[in-house]
Each structure stands twice: as C-alpha cells, then as structure tokens.
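Undergrad: Questions regarding the structure given below will be posed in turn.
The values are calculated or read from the model by the stated rules, or taken from the named source; none is laboratory data. The model shown is predicted, which means the values in this text are computed figures rather than measured ones. For neighbour counting, all protein chains shown are included, and Cβ atoms are generated from backbone atoms with ideal geometry for every residue, glycine included. Note: areas computed on protein heavy atoms with side chains; ligands, DNA, RNA excluded. Shrake-Rupley method; radii C 1.70, N 1.55, O 1.52, S 1.80 Å.
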Amino acid sequence: MKKQTNIDAGYFKTKLEKELKTLEAELRSVGHVNPDNPKDWEPSSGVVDINASDLADIADNIGSYESNTAILKPLEKQYNDVKLALEKIKKGAYGICEVGNEPIEKERLEANPAARTCLAHKEHQL
Ligand SMILES: [Zn+2]
C-alpha cells in the first residue's frame, strides 16, 4: 500500500495548470498586472471619460473599480497559491503542510490542489 506522501504530482500539476489558466483569464477580465510588480494585480477602473458631464457615469466607473477590487483580491490570492503549488511540484515538495511539514490529506488536495496547509492547520494565516 502506498504511503500518503506518495501523491501523484503529475495528476495535480495538470489540474493546477488548468486552474492557473482559468484564474488568469478571470483576473484579466477585472484587472491587469502591475507593471512594477508582476506578482501584483491591479483592478481595472473602467474607461474614465474625463469629459463626462453625467455624474451617474462617473459613479458607475467608481462602482466598477470597487467591485473589480472585491473580485480581484481573492482571485489574486488563489492565483498566487496555484503558482506556488506548481513551484513546489518542480522542487519535489508538493503536498507538504507549510505550518507543520506533515503531508496534506489527499482529499484536501483533491478539493483544492493549491492548498498550502493540512486540514488541522487550515485556519493558519499564511
Ligand atoms: Zn499542518
């Protein structure tokens, strides 16, 4: 019988690469990469027409900036976690809890291949 640490990294790599593409497409629909920091995504503010005389239009633009920010933040975190997980696969350190160094439950990785901690440490702030 296989030990829990013998996880199929290739299987999760395929899943993670697929998720990375999906997340990137979603991020691009609400924001763009910060030119000064490729790890940072900035929300798009929509096209602001400085000649807009209609205050409702300006309010719409501010509203879309705020909702883009709300959508972008969790996406950005997940995107960075997925990238981190792919780096760990490269280093052969995938599936190890970042808090206690124990193997992450297979069911947990199945539900979220980018999980950085085991179930017991899931509330730990990273
Ligand atoms: Zn742990």
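Undergrad: Given H placed 1.01 Å from N in the peptide plane, which residues other than close sequence neighbours of W41 have an amide H under 5 Å from its amide H?
TA: It is N34, by chain and number.
Undergrad: Now a separate question. As a test question: what accessible area, to the nearest 10 Å², does Y79 have when a 1.4 Å probe is rolled over all protein chains in place?
TA: 20 Å²
Undergrad: Which lysines have a Cα lying under 25 Å from the Cα of K90, excluding residues fewer than 8 positions away in the same chain?
TA: K2, K3, K13, K15, K18, K21, K39, K77, K106, K122
Undergrad: Let me ask something additional. Under 5 Å between amide hydrogens, which residues at least 5 positions from I96 or on another chain qualify, with H placed 1.01 Å from N in the peptide plane?
TA: Here the answer is I104, since their amide H atoms fall under 5 Å of that of I96.
Undergrad: Once amide H atoms are built 1.01 Å from N in the peptide plane, which residues 5 or more positions from G31, or in another chain, come under 5 Å H to H?
TA: Correct list: S44.
Undergrad: Quick one: what does P(r) look like for the range 58-113 with 5 Å bins over all Cα pairs, in whole %?
TA: Histogram of Cα-Cα distances, whole percents per bin: 5, 16, 17, 19, 11, 9, 8, 7, 5, 3, 0.
Undergrad: At 7 Å along the Cα-to-beta-carbon direction for both E17 and H121, put a label point, then send me their distance in nm to one decimal.
TA: So the label points at E17 and H121 sit 2.8 nm apart.
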